[in-house]
1. Which residue, of 74, 61, is in contact with a Lys or Arg (Cβ under 7 Å, 6 or more places away or on another chain) and either among the β-branched types (Val, Ile, Thr) or not assigned by TED's automatic domain parsing to the domain that holds residue 10 (or both)?
2. Take region 153-178 and flag every residue that is more than 35 Å from the chain's Cα centre (by Cα) and loosely packed, with under 12 Cβ neighbours inside 10 Å.
3. List the number of the failed condition for residue 291; all other conditions in (1) farther than 28 Å from residue 16 by Cβ; (2) of a type outside the set (Val, Ile, Thr); (3) modelled with pLDDT of 80 or more hold.
4. Checking residue 40 against (1) free of Cβ contacts under 8 Å to residues at least 60 places away in the same chain; (2) assigned to a helix (DSSP H, G or I); (3) surrounded by 15 or more Cβ atoms within 10 Å (Cβ to Cβ), only one condition comes out false. Which one?
5. Can you tell me which residue is surrounded by the most Cβ atoms within 10 Å (Cβ to Cβ) among those in region 22-33 that are touching a residue at least 12 places away in the same chain (Cβ under 8 Å) and within 35 Å of the chain's Cα centre (by Cα)?
6. If residue 320 satisfies all but one of (1) touching a residue at least 12 places away in the same chain (Cβ under 8 Å); (2) surrounded by fewer than 20 Cβ atoms within 10 Å (Cβ to Cβ), what's the number of the condition it fails?
7. Give just the number: which of (1) modelled with pLDDT under 85; (2) surrounded by 16 or more Cβ atoms within 10 Å (Cβ to Cβ); (3) out of contact with any Ser or Thr (no Cβ under 9 Å at 6 or more places or on another chain); (4) of a type in the set (A, V, I, L, M, F, W, C) does residue 235 not satisfy?
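The values are calculated or read from the model by the stated rules, or taken from the named source; none is laboratory data. As the structure is a computational prediction, the values presented were derived from the model and not from experiment. Cβ coordinates were reconstructed from backbone atoms using ideal geometry, including for glycine residues, and neighbour counts include every protein chain displayed.
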Amino acid sequence: MSERAELGARKSAVLRAVVEEYVRSGEPVGSETIAEHAGLGVSSATIRNEMAALEELGYLTHPHTSAGRIPTDTGYRHYVDSLPAHGRLREAQRRAIATHFAEAILDLEEVLKGSVQLLSRLTQYAGLAVPPGASEEQVVRLELIDMGPTLMILAIGQHGRVDKRIIDRPEGMDSGAVGETERRAHKARGLSYADAQAKLLQLAVGRPSSEHDLLLMTADTLRTATEGDGSTHVVVGGVANLADEAQTWRRETLRRLFETLEREQEMIRVLHDVSTQDVKVTIGGEHPSTGDWEASIVTAPFKAGDATMGTIGIVGPTRMDYLSAMASVRAVAARLSELATELDE
């Protein structure tokens, strides 16, 4: 028997009314408020009994200083699971998304930066995105730029990623040798960063010392791009919106959240933990980090064809307008998928 069936229709309706009123007002909700505004057709006393039962079952709790009740993480989860699979965007949200992508340039990294800001404006929470990892991104340009005593190794990925490195010119290498080495390195273009690195190592075998060293350093530039902190990062927008929630979040909770946002690799692990094939909502204690923050994360993957490219979403308090947040994240992820597929073709 499902959790929702065990809860029953009336308890589910009361729980939904409490969640929506608490999201709207930010104040603990009393039975009189539900009886007056929710249109459930039952008395305040009946609602009071149902709320007491919901509290006993772990769906509601109440601050000791108030007679009203607020949802628990379990209560939010039941509410989110009962929402329609595809919520509708408000017209203003629809227009904002359409305008953003109509003006988008064909650089996925720049579009992502704009998209997290867009999500932040649409939801009033902080927007987050993890761009595609470099190891699977194709190298579209690979150049060795002669700068006299030094050389610049420049690699550009298909989604706008740029990696460059300045090196000392190998001893005895003239401009002709630089040009010849660059022409050899062009054989790595069109491959993923990982495959291009392997190709450059293969090309270095048997070459004269200076060319050999330059090809190895070019391969090492691609290796550095796909390892450690340089391989993946988080794009964040609208963090100031979280500070606006200071009245509902404890100062210590906000401090921990901000610290995690600053520790990029930890935030990447959180987003990878909650990523899925569709919109996913992670509420409070359902994940160690969100439980620590008393926060919820709404995420969705964006794809190029069938291949998942990255993740986009929002983070905010558990007292969240989930229906609007889910619809916004789903719509932006869908438009990003269209753009990523176009860039991949």
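1. 61
2. Passing the criteria: 168, 171, 172, 174, 175, 176.
3. All conditions pass for residue 291, except number (1).
4. (2)
5. 29
6. (2)
7. Unmet for residue 235, out of (1) modelled with pLDDT under 85; (2) surrounded by 16 or more Cβ atoms within 10 Å (Cβ to Cβ); (3) out of contact with any Ser or Thr (no Cβ under 9 Å at 6 or more places or on another chain); (4) of a type in the set (A, V, I, L, M, F, W, C): (3).
For every residue, the table says whether it meets (1) touching a helix residue (DSSP H, G or I) at 6+ places or on another chain (Cβ under 9 Å); (2) of a type in the set (Val, Ile, Thr); (3) closer than 24 Å to residue 323 by Cβ.
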{"position": "63", "(1), (2), (3)": "no, no, no"}
{"position": "76", "(1), (2), (3)": "yes, no, yes"}
{"position": "85", "(1), (2), (3)": "no, no, yes"}
{"position": "88", "(1), (2), (3)": "yes, no, yes"}
{"position": "91", "(1), (2), (3)": "no, no, yes"}
{"position": "100", "(1), (2), (3)": "yes, no, yes"}
{"position": "118", "(1), (2), (3)": "yes, no, yes"}
{"position": "158", "(1), (2), (3)": "yes, no, no"}
